[in-house]
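Remarks on the structure that follows.
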Amino acid sequence: MKLLALITLFLAIPTSAMNMARLDKPELATVLGLQQELALTTPRPEQPFFVRIYSAPVDNYECGGTVDSCPDVRLFVTVSFGDLGETPALFELPPEKGWEFTGWVTPSGAGVDRMASFTLRTAIPEANIDLEARRTWRAAEYSVLVSPGSASYVRR
């Protein structure tokens, strides 16, 4: 009896569907639609801020045998204290063919100059790269320092 009254009540409530506007922002759509979170750290006493690392290809297509035929992949780093009303700092490394997160390094600095530190390695896609092209390709290592106020990197 109660169930029947509940169903009747829900059917009597007027509802309407609303259309959502399609945004014409292809760059944003590509980043959000294809991004991959590579790493996340949470605040700790030695590093009092959040660091998130994302990769996103600049376009959505497959490689055609050579490394140069593969789309570039952007690498984004956001840094924030996680405070209400705070806008995270956003940094970007130069595009590469792909990225692998290799690890966190002990934070450096002290006080307001404290920096999170991590390493990355460039990568190439697992598929559609000729064996010879794969053999001649060399990965580069990146050492990165970030804080909410600044960021720097060294490429090796």
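The values are calculated or read from the model by the stated rules, or taken from the named source; none is laboratory data. Keep in mind that what you see is a predicted model, and the values were worked out from it rather than measured. Every residue, glycine as well, gets a Cβ built from its backbone with ideal geometry; the counts of neighbours run over all protein chains shown.
At a glance:
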quantity: Cβ-Cβ under 6 Å pairs, at least 6 apart or on other chains, the range 52-63 side of a type in the set (Gly, Ala, Ser), far side surrounded by 19 or more Cβ atoms within 10 Å (Cβ to Cβ) and at pLDDT 90 or above; calculated: Ser55/Val73; Ser55/Leu75; Ser55/Trp99; Ala56/Arg74
quantity: Of all residues making up the range 99-127, the number that are touching a strand residue (DSSP E or B) at 6+ places or on another chain (Cβ under 8 Å), at pLDDT below 90 and not in a strand (DSSP E or B); calculated: 2
quantity: Residues satisfying the stated conditions in the range 28-53, i.e. over 15 Å from Thr78 (Cβ atoms), surrounded by 15 or more Cβ atoms within 10 Å (Cβ to Cβ) and aliphatic (A, V, I, L, M); calculated: Leu34
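The rows are residues; the columns are (1) touching a residue at least 12 places away in the same chain (Cβ under 8 Å); (2) hydrophobic (A, V, I, L, M, F, W, C); (3) surrounded by fewer than 17 Cβ atoms within 10 Å (Cβ to Cβ).
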{"residue": "Glu92", "(1), (2), (3)": "yes, no, yes"}
{"residue": "Trp104", "(1), (2), (3)": "yes, yes, yes"}
{"residue": "Asp113", "(1), (2), (3)": "yes, no, yes"}
{"residue": "Ser117", "(1), (2), (3)": "yes, no, no"}
